[in-house]
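Every number here is computed from the coordinates shown, using simple stated rules; none is lab data. On a predicted model such as this, the values are computed, not experimentally measured, just so you know. Don't worry about glycine lacking a Cβ; one is built from the backbone with ideal geometry, like all the others, and counts go over all protein chains shown.
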Amino acid sequence: MKKYEVMYIINESVETEKRAELIETLSKIITDNGGSITKTDEWGMRDFAYRIDDMHKGYYVVTAFEADNDCVKEFDRLMRINANVVRFLITRDEATQEEK
């Protein structure tokens, strides 16, 4: 399995209890598809540098995880259709990539 990191922004209008449930649901997508969460870091509510869909701020979350390609593809697909996720970016941890 390869190491990845995802940073996503949750819509500011999502209530605190619902936000916690959403973070848990998004983490469960990874674990249900054979991946494992190594760390979740909630950065909290932050202002945007520019307006996104008439919003000025959002709740930032960074999650480090290990998964295979199929898991990452499914996670990406489900993140795209979730209306409460404003933006997200999945990156691969290049430090653990084997030399060719």
I'm trying to understand the selection: among the residues of the stretch 16-47, which are among the polar types (S, T, N, Q) and more than 25 Å from residue 68 (Cα to Cα)? 16
Test residue 60 against the criterion of being assigned to a strand (DSSP E or B), exposed (fewer than 12 other Cβ atoms within 10 Å of the Cβ) and among the aromatic types (Phe, Trp, Tyr), and give yes or no. no
Yes/no for residue 8 being over 24 Å from residue 54 (Cα atoms), assigned to a strand (DSSP E or B), among the aromatic types (Phe, Trp, Tyr) and out of contact with any His (no Cβ under 6 Å at 6 or more places or on another chain): no
Could you please give the count of residues in the stretch 63-78 that are closer than 16 Å to residue 93 by Cβ, hydrophobic (A, V, I, L, M, F, W, C) and surrounded by fewer than 19 Cβ atoms within 10 Å (Cβ to Cβ)? 1
Out of all the residues in the stretch 13-22, which are assigned to a helix (DSSP H, G or I) and within 14 Å of residue 45 (Cα to Cα)? 16, 19, 20
Quick check on the stretch 33-49. Is at least one of its residues touching a helix residue (DSSP H, G or I) at 6+ places or on another chain (Cβ under 8 Å), buried (at least 16 other Cβ atoms within 10 Å of the Cβ) and in a loop (DSSP other than H, G, I, E, B)? yes
